[in-house]
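Remarks on the structure that follows.
The values are calculated or read from the model by the stated rules, or taken from the named source; none is laboratory data. The structure presented is a predicted model; accordingly, all values stated were derived computationally and were not measured. Glycine gets a Cβ as well: all are built from the backbone with ideal geometry, and neighbour counts include every protein chain shown.
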Amino acid sequence: MNTFLAIFNADLLVSTIRLATPIALAAIGATICERSGIVNIAMEGIMVVGAFMAVVFTFLSGSPWVGLVAGILGGGIFSLIHGAATISLHMDHTVSGAVLNILALGVTRYLMILFYGHPGTTDSIPISLKAYQFAIPGLSRIPLLGPLLFNQTPIVYLSFLILIAATILMGKTKTGLHIRAAGEHPLALETIGVSVYKIRYLGVFISGLLSGAAGAYLSIENAVSFSEGMTSGKGFIALAAMISGGWSPIGAYLAALFFGFADALQIRFQIMSRVRIPAEIFIIFPYVLCIIAVAGLVRRSRAPKADGKDFMIEKSE
Amino acid sequence: MNNSKKFLPGLFLVLIIVFLILGAILYLAAYFWGFFLILLAGILYFIRQVITLGPAEAKLNVKLMGKKLMVPVVGILCSMILAILIMIITGYDPLTVLKSLFYGGFIRNWHVSVLNATPLIFTGLSIAIGFKAGLFNIGAEGQYYIGTMAATYLGLKLGLPPFLSIVLIYLISASAAAAYNIFPAVLKVKTGAHEVITTMMFAHIARYLSPIFVLANGGDPATSTHVYVTDEIIRTNFLPYFSSFLPEANYRLHIGILIALITAVAINFFLNRSKYGYEIRAVGANADAARAQGISVGRNIILALVMGGFLAGMAGVTETLGLNHKMFQNLDAGYGFNGISVALLAGNHPIGIIFTSLLWGALDAGGQYMSRTTGVPGAIVEIIKGMILFLIVAKYIYSWAGNRLVSRRKARAEEGLA
Amino acid sequence: MALTGEKQICLEMLSIVKQFPKVLANNNINIKLYTGEILALLGENGAGKSTLMNILYGLYKPTSGEILLNGQAVTFASPRDAIRHGLGMVHQHFMLVETLTVTENIILGVEPGRGGFVDYKAAREEVRALSERYHLHVDLDEKIENLSVGLQQRVEILKALYRKAKILILDEPTAVLTPQEVDELFVVIRKLVETGVSIIIITHKLEEVKAISDRVYILRRGEITGVHRTAEATKAQLANYMVGRDVVLTVNKVPKEVTKPPVFTINNLTVIGDNKIPVVKNLSLAAAPGEIVGIAGVDGNGQAELAEAIRGLRRIESGSLLYKDKIINGDSTQFRIRKKMGYVPADRRRFGLVLPMTISENMALGHHLDKPNAGWFNLCRDYMQSNAKKLVTDFDIRTPGVGVPAEQLSGGNQQKVILAREFSWTPEFLLVSQPTRGLDVGAIEYIHTQILRMRDNDVAILLISLELEEIFSLSDRILIIYEGQIIKEFQAGGTNEKEVGFYMTGGKERSHE
Amino acid sequence: MKKVLLVVLMVCLVAGIAFARPGREGASTGGAVMAMATDVGGLGDKSFNDGAYQGLLLARDRLGAQVVVVESKQQTDYIPNLTGLAEDGARLVVAVGFLMEEAVKETATHNPDTYFAGIDIGTNPGDPSNFQGVLFNEHECGYLAGVLAGLLTQQYASAIPGKLNSQNTIGVVLGMLVPAVERYEVGFIAGARSVNPTVNVISVTTDSFTDQARGKEAALAMIDQGADIVFHAAGQTGLGSINACDERGVLAIGVDIDQNAVAPNTVVTSAMKDIVQATYLVAESVANGTFAGGTQVYGIDRDAVGLAPFHGFDSQIPQAVKDRIAAAIADMKAGRIRIPTSRAEINR
C-alpha cells in the first residue's frame, strides 16, 4: 500500500506535464480553429509533419531552434491545405481532415526516403531542445510547483505562454472577438465587413502552428529523432481534450493535463503491479477515460453554432 | 404488354447477369479474358436499354453515366500528372515508374491487388453506410479487430460441417463486431458524444486488448520460438480457394472477394432499394425532415453504426478464414483508414466501392512491385492516393476552376467588344 | 421628376442588374434617396428587394450598374466599404452573435482599443452614450440569446448607428414584431430622421408604407413598377403596382356548413419550449371535418411548439390531444401519419423535404414503410415513380422529371411537392403551417385553392399563419394565439383585420362590444 | 495570377534541384542477387532490419552479390514481396523479423528454387528444405546484461560515479510482448538476480515499437522509482528510453546492435545479437552451395550473442565485474546454467 501511494509524487506531476504538453498544444490550436467554425481532425497529420520538419531543419542548420521554427511553420503551412479545402473549396471538414491525415503519412515517408534513404526512424539530431532546459531563478524554488512550472524545457514554457496568449486572444482582443463571431454566426461578421474567410483561415493556421509545435515537441524536445508513428493517436486525444474542455483554451489545457495524468499513472501502475495483470489493461486506461470524458462532458459544453458548417456568401437563391 | 416484348429483356437480363458473374470471377482470378465477358455484358446492357427505353433515352443514360464518372476520371488523371511532376522533381523517371506501377498492380500481381481489396470493400461499405446516415465511423479498424478475434476463436473451436461452420462463423463474429459498435452508437444517441472520438477510442481499446486474446489462444509462450500468434484454425473452416476450381489461379486467392462483391451488391440493394435503407439515407440527408415524417433518428443512427460494425467485422472474418487462418499479435492492418478513402472515393456508393477498393489494392500491390523493380520509394503511392482523394472529394475545385475559366473568357470577350 | 425638390439627393442607384445563375433578380433598377427622408421599398417576396439592398450594402456584387453616393460613384467590394461610406443595414434575420453580449455585438468589427486589444471599458461608455442619445435602452452586458426580438432589433439599429450610419436600410423590420413594438420602432425611426439619417425600409406590407414612409418605390419581378409620394398614393394603387393586377388575392371560398363533430381536439395543452419555460399554456381548440381553423398570431407566441406537439415531435407537459376520440399524446409521429394526420411544416426546406433525395422519394416520405410504397423489405420503386409522375401532373409541379433531387426545384414547386404528398393519401386532419411563406403570388393562389379543395373534401384543417391576409382568405374560424394561449375566437366574416390585429398583440377583451 | 504561377513554378524547380537524386541503379553487372524484405519496422530501425542489411552489404563486398531491399508497409505486403523477389530471380531472400514467419515459409514452399532465410524465425518439422531459420538466444545476452546491471546497481555502484544510486533498482522497457522481447526480459531478470538476489527489477510494456514518447516516459517513471540502469527491448520506442537515461544521467543498455553511438555517455553496453554475421553466413552458404534447411540457433556458444564493448566506460567497469561476466559466459557455454526463456519460469 505504501508503495502504491508512493507513486503520487512530484515526479508524477512532472511526467503529467511532459505527456500533456503535445496534447495541450494541439488541443488549444483546435479550440481556436473550431471557435472560428472549422472542424479540425487533421491534428494528427499536422503533428507528423511538424515533427518531421523540426528534425530535418535541426539537421540542416545544426540548431534545434531553427528546427522548432521550421516545425511550427511546417505545421502551419500544411494546415493551410485544410483551410483551402474547407474554406475556399467548401469541402466537408471531417473528410478533409481525414484525407490530410492520410496525406501527411505519405508525404513524410516519401521525404524521409529522399533525405535519409530509408523510412522508419531518422538519425539522431546533434542537440535537442531538452538541452536548453532552464530554471527561472527564484520561482523554481517554490516547493512542488517550482520545479514543475519553472524548471522546464523551451516548448513546455512555450505551451504555458500559448495558453495565456490564447486565453487573452479569445477574451480580450479584436481578433478573438472576430473568431468567436465567425464560429457562431459567420454571416453577422461578414455583414459588418470582416472577412469570415480570412478569420477562418487564421483559425486554421493558428491551429496548424500549434499542432506543428506539438510535433516539434515530440521529435526534437522529448526525443532526438523522428519515427513514423511517433504521434500514435495524440492528435485524436487532443480532439477529445478540446471537446471535454468545452471549447475554451484553459479547459482544453486542463483536459490535456487530465489525459496526460492518466497516461503517467498508467505507466506507474504497471511498475507497481506485483500481480501478473496484462499490461494492456493499464494501457487502455487513458482511452477509457477519454470516452467517459467525451460522453459525460459533451452535454454541458456547447459547440460553436456554425462549427463545421460551410460558409458561402453568394447563394444562388 | 405482349409477351415477346417482355421475354427479350428478361433473356437479356439473365445473360447479362451470367456474363457479369462469370466474367468477374475469371477476371478476379487473373484470367484476363474474363474481361471480354464483362465487356459483352456491358454491350448487352446497352442493347437492352435500347430495346426497353428506346435509343434516345438509352443514349442519354449512357451520357449521364459518363458525366457521373467524369469527376473520378479527371481526378485520377490530374493526380497522375501531379505524381509525374513530383517524380520528375525528385529525380525519377516517371514513365518507367508508372509502367511498373500499373504492370505490377493490374497484371503481374493482380491477385495481390484482389487480396488487398477484399477487406477494403468490407470496411469501405462499413464507413459508407455510416456516411449515408451522416455518421463518421472512423473506428472501423476496431470492429475489424473484434471480428478477427471472434472468427479466430470460432475457427479454432467450431468443428461443424464446412459450409455450415463458415456461415455460422461469419454470422456470429460479425455480430460480435456489430455489438461492439453499439456502445458508441448508444453514447451518440443518449449523450451526443461524437462518434469520431468514441469509435476511435473503442478502436484503440480493441487493438490494445487483442494481444491478451492472442496469448490466450496461442501456442505455449514458454516454448514458442516465433511471434505470438494463435494456433491455426481448423482446416475445414478455411474459405475455399479459387485454385480449387480454376487451376491457374494464384494459390492464395480465396473466395472472400466474391463474398465481398455479393455483400456490396446486397448493401447497394439495402441502401437504395429497401425501405430501411431509405430511412437511413433520409436521416443522413436531413435528420429534421426525417423526424418530422415519423422516422426515428436515434434508431437509424444505431442501425447504421451496428451495420457498420457488422461489415467491418466481416472484413476481419474474411481475412481470418481466407488468408491468415490465425490471428497475429501485431495486427496493424490500416483497413479502417483505407476504408475511409475508398468510401469517399466512391461517393459512398456500394458498387463504386468495389472499384475503388480494387484501385486502392492495385496501387498498393503495384507500388510494392514498383519499389522492388525501380527503387522508387513506395511512399509515392501514398502521395498519389492522397492526391486522388483530394481531387475527387473536393468536387467544388472543378466548378471553381470552371467559373474561373468562364469569367476570364467572358472578360476577354468583353474586352474584345470594347 | 423632382418630388421633393428642396432636398438633396444623397444616394442614387443607377441601372442595377443582378443576374443569379438561374434568376434575373434585379433588372435595370434606378433609385434615388434624399437626405432625411424615409423611403419605402415595396414588393412581394422574391421581387428583388433584398437582393437590391444587399448589393447596396456590398454583400453582393451587381452584374452591372452604378451606385452614386452624394454624387460620387462608389463601388463596394464588401460591407466594410459600404459601412465606411456611412451605410447601415438591419437585416431581416438579425446578424447578431447570440453568445456575445450586446456591447460586443455592437462594436464587432470596429472595436475601440489599441494594439489589437479591445478596450471594453471605452466601448461600453461609447455604446451607453449612443443608446442614451437615441433613447434606445438595452442592457449592455446581457447576451443576445437572452433578449426579446424587439430588443435584438434595437441592438441592430444601435450597431448601425455605432458605425455612424447616415443611411440606414431596414429589411422587413416589422416581420417579427408585435404591433406595440412596431409603434416603438416607428418612433425610433422618426427620431433618427430628425438627426439627419436617411432611411430605406424594405417591406411587403402596405399599411406600413402608408404609416411611416415619405416616398415609396414599388418592385415587381426585379423591376421598378412605380414610384410615389406616399401621401399621394392609395393602397389599392400600390397593391396594383406591386402584383400587377387589380386585386391582391382572390380565392373562391364557398361557405360551408360544418355538420360533423370535431375529429381533432386539443384539451388544456401545455408544452415546454427550448428555453425550458412553458410556451404553450393550457391551450384548447377543436377542428371538425370540412372546416379550416386559422390560428393567427405574431411569430414566437408558441405556434411552432404547438405544431411540433401536434406532430409528436415535442413532449407534452400536460393536457391531451384527442384524435378520432382517442388520446394520442404518447403516440409516435409515425403512428399519427398512419392514422392520416397530415402536416405541412413552416420551414419546408428543413422539415418538409429531404432536399438531396429525388422527388419520387420525397413523395413517399412518411409512408415509405407502408404499402403501396414498400413491400415487407423493399421499396416499390415502380409504384413510387408512377405515383410521383401522377402527382407532378396533378399539382402542376414544374420539374424536368421525378428522378431529380428536390433541391433543384424552386420554392413554390417544393411546397407543391409537400402538398401533393400530404394530400395524396387523403388525410382526415391536416396541420398547415405557413404554407405560402416566401412564395410568389401565382403559387400562393394555387396553394390556397388546393387547401380549400381539401376542406371541401371534408378534411379538418388547422392553419397556422403569420399573414393575416392568408388567415382571412382561408379560415372558417379564426383563433388568436397570444403567449401560448388562445385568447379569442371569431367566425370568418365576423371580424376584420384591425380587430384581429388588436387581439394578436395581447389586447384584452373589451367588456362592451 | 500568371506571376503567382511563375513564382510557384520557380519554387518547384529550385526544390526539384535541391531534392534531386538519381534513381537507384537497377540490375548492375554480375553476381547473384541477394535480397531482403524488411518487416513493417523498415530500414533505419537501428535494430535487426539494419543489421540484416549490413550483413548483405558484407556479402556484396566479399562475395560480389547484388543487394536488393524491399520494404513492407503492412502485413499483406510480406508474401507478395517475398514471392516477387524470388520470381525476379533472387538466389537468396532474407525475411527479417518474426512477423514474417508464416509468409516466408509459405513463399518458400511455393518457390522451391530459391533459398530463403528468416531472421528471428524458427523452423518446425515439415518446413521446406530451402528455408533456413535463424534464431538467437536473446535470453543469453539478456542474462549477461542482467549480470552487469545487477552488479553495477548495488555492489559496484561507486564504480561509475554520478550515474548510479543506492536504491538497488533496475528497469527494463519492453515494446510489444513478442517472444524475442520476452526472452530478453526474462534473461535480464534472471541474470540480475543471479548476482544480486535482492535486486528490484521493474518492467514496463509500452505495446509499441515506434512510440518514442512512451518509451521515454516509461524509463523516466522507472528512474523516478530509483532505477539507475535501464535496459530496453523495444525497437524505436527504446530510443526514447535511452534518451530518458541520457537526460537523467543514469545508465542505459542497448539492444540488438551496439547502440553506444545513440548516447555514448549513457549506453554502457548493448545486449547484442550478431545479425550482421548471421546474415552474412547464410549468404556465404548460398554462395558456397552449403545451404542447409532447418534452424540455425545462434547463441553464446557460437559467439553470436553477447555484450557490446563498453566503449568509454571500459576503464570504469571494475575487473571483478568483467570477470563475473566472463564466468557467466563460460558457464553458459559449458551448459552449467540454464537460463529461463519465458515469464512463466521466473518469479516476477
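The table below lists the values:
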| quantity | calculated |
| --- | --- |
| Residue in the range B:119-138 that is among the hydroxyl-bearing types (Ser, Thr, Tyr), buried (at least 24 other Cβ atoms within 10 Å of the Cβ) and either within 23 Å of B:Ser243 (Cβ to Cβ) or touching a residue at least 60 places away in the same chain (Cβ under 8 Å) (or both) present | yes |
| Candidates C:Gly58, C:Gly65, C:Gly88, C:Gly36 - the one that is in contact with a Phe, Trp or Tyr (Cβ under 9 Å, 6 or more places away or on another chain) and either more than 12 Å from chain A (Cβ to nearest Cβ) or in a loop (DSSP other than H, G, I, E, B) (or both) | C:Gly58 |
| Subset of the range D:53-92 that is under 16 Å from B:Gln368 (Cα atoms) and part of a strand (DSSP E or B) - its residue that is farthest from the other protein chains (Cβ to nearest Cβ) | D:Val69 |
| Filter result for A:Phe311 (over 23 Å from D:Gly215 (Cβ atoms) and surrounded by fewer than 19 Cβ atoms within 10 Å (Cβ to Cβ)) | yes |
| Unmet criterion (only one of (1) more than 25 Å from A:Ala264 (Cβ to Cβ); (2) more than 12 Å from chain A (Cβ to nearest Cβ)) for D:Gln259 | (2) |
| Residue within the range A:124-133 that is among the aliphatic types (A, V, I, L, M), facing chain B (nearest Cβ under 7 Å) and either free of Cβ contacts under 8 Å to residues at least 24 places away in the same chain or outside any helix (DSSP H, G or I) (or both) present | no |
| Residue satisfying all of: in the range D:143-159; modelled with pLDDT under 90 and in contact with a helix residue (DSSP H, G or I) (Cβ under 7 Å, 6 or more places away or on another chain); surrounded by the fewest Cβ atoms within 10 Å (Cβ to Cβ) among these | D:Ala159 |
| Only listed residue being of a type in the set (A, V, I, L, M), in contact with a Phe, Trp or Tyr (Cβ under 7 Å, 6 or more places away or on another chain), part of a helix (DSSP H, G or I) and closer than 21 Å to B:Met200 by Cα, chosen from A:Ala262, A:Ala256 | A:Ala262 |
| Of all residues in the range C:39-55 being among the aliphatic types (A, V, I, L, M) and closer than 25 Å to C:Glu467 by Cα, the one that is nearest to the other protein chains (Cβ to nearest Cβ) | C:Met53 |
| Residue match in the range A:146-154 (condition: in contact with a strand residue (DSSP E or B) (Cβ under 7 Å, 6 or more places away or on another chain), surrounded by fewer than 20 Cβ atoms within 10 Å (Cβ to Cβ) and more than 14 Å from chain B (Cβ to nearest Cβ)) | yes |
| Exclusive hit being under 14 Å from A:Thr31 (Cβ atoms), surrounded by fewer than 24 Cβ atoms within 10 Å (Cβ to Cβ) and modelled with pLDDT of 95 or more, set A:Leu210, A:Leu163 | A:Leu163 |
| In the range C:14-45, residue modelled with the lowest pLDDT [restricted to those that are within 18 Å of C:Val209 (Cα to Cα) and under 24 Å from the mean Cα position of the chain (by Cα)] | C:Asn45 |
| Among residues of the range C:448-468, those that are out of contact with any Asp or Glu (no Cβ under 8 Å at 6 or more places or on another chain), closer than 20 Å to C:Glu428 by Cβ and crowded, with 21+ Cβ neighbours inside 10 Å, counted | 4 |
| Which numbered condition B:Thr96 misses (of (1) more than 10 Å from every other protein chain (Cβ to nearest Cβ); (2) not in a loop (DSSP other than H, G, I, E, B)) | (1) |
| Test: A:Ile277 is more than 30 Å from A:Leu161 (Cα to Cα), in a loop (DSSP other than H, G, I, E, B) and at pLDDT below 85 | yes |
| Selection count, the range D:142-172, where residues are farther than 11 Å from D:Ile229 by Cα and in contact with a Phe, Trp or Tyr (Cβ under 8 Å, 6 or more places away or on another chain) | 3 |
| Strands (runs of 3 or more DSSP E) completely within the range C:440-504 that count 3 or more residues being under 23 Å from C:Glu422 (Cα atoms) | C:460-465 |
| Enumeration of residues in the range A:243-264 that are within 10 Å of another protein chain (Cβ to nearest Cβ) and not charged (D, E, K, R) | A:Ile243, A:Ser244, A:Gly260, A:Ala264 |
| Selection from the range B:303-328 of residues that are part of a helix (DSSP H, G or I) and aliphatic (A, V, I, L, M) | B:Leu303, B:Ala304, B:Leu305, B:Val306, B:Met307, B:Leu311, B:Ala312, B:Met314, B:Ala315, B:Val317, B:Leu321, B:Leu323 |
| Conditions (1) modelled with pLDDT under 85; (2) assigned to a helix (DSSP H, G or I); (3) among the aliphatic types (A, V, I, L, M); (4) over 22 Å from B:Gly352 (Cβ atoms): number failed by B:Leu85 | (1) |
| Subset of the range C:322-339 [basic (Lys, Arg) and either in contact with a helix residue (DSSP H, G or I) (Cβ under 8 Å, 6 or more places away or on another chain) or part of a loop (DSSP other than H, G, I, E, B) (or both)] | C:Lys324, C:Arg336, C:Lys339 |
| Test: residue in the range A:68-82 that is closer than 19 Å to A:Gly203 by Cβ, free of Cβ contacts under 8 Å to residues at least 40 places away in the same chain and among the hydrophobic types (A, V, I, L, M, F, W, C) | yes |
| Any chance A:Ser96 is more than 7 Å from chain B (Cβ to nearest Cβ), assigned to a loop (DSSP other than H, G, I, E, B) and hydroxyl-bearing (Ser, Thr, Tyr) | no |
| Of residues in the range D:332-346 being more than 8 Å from chain B (Cβ to nearest Cβ) and of a type outside the set (Lys, Arg), the one surrounded by the most Cβ atoms within 10 Å (Cβ to Cβ) | D:Ile339 |
| Residues satisfying the stated conditions in the range A:251-270, i.e. modelled with pLDDT under 85 and surrounded by fewer than 20 Cβ atoms within 10 Å (Cβ to Cβ) | A:Phe269 |
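Conditions (1) farther than 30 Å from B:Val97 by Cβ; (2) in contact with a Cys (Cβ under 6 Å, 6 or more places away or on another chain); (3) free of Cβ contacts under 8 Å to residues at least 24 places away in the same chain, marked per residue:
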site	(1), (2), (3)
B:Leu8	yes, no, no
B:Leu13	yes, no, no
B:Ala24	no, no, no
B:Leu39	no, no, yes
B:Ile43	yes, no, yes
B:Leu53	yes, no, yes
B:Lys67	yes, no, yes
B:Gly75	no, no, no
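Rundown of residues vs (1) surrounded by fewer than 19 Cβ atoms within 10 Å (Cβ to Cβ); (2) within 14 Å of chain A (Cβ to nearest Cβ), yes/no style:
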{"position": "C:Val97", "(1), (2)": "no, yes"}
{"position": "C:Val110", "(1), (2)": "yes, yes"}
{"position": "C:Lys121", "(1), (2)": "yes, yes"}
{"position": "C:Glu132", "(1), (2)": "yes, no"}
{"position": "C:Leu151", "(1), (2)": "yes, no"}
{"position": "C:Glu156", "(1), (2)": "no, yes"}
{"position": "C:Arg163", "(1), (2)": "no, yes"}
{"position": "C:Leu177", "(1), (2)": "no, no"}
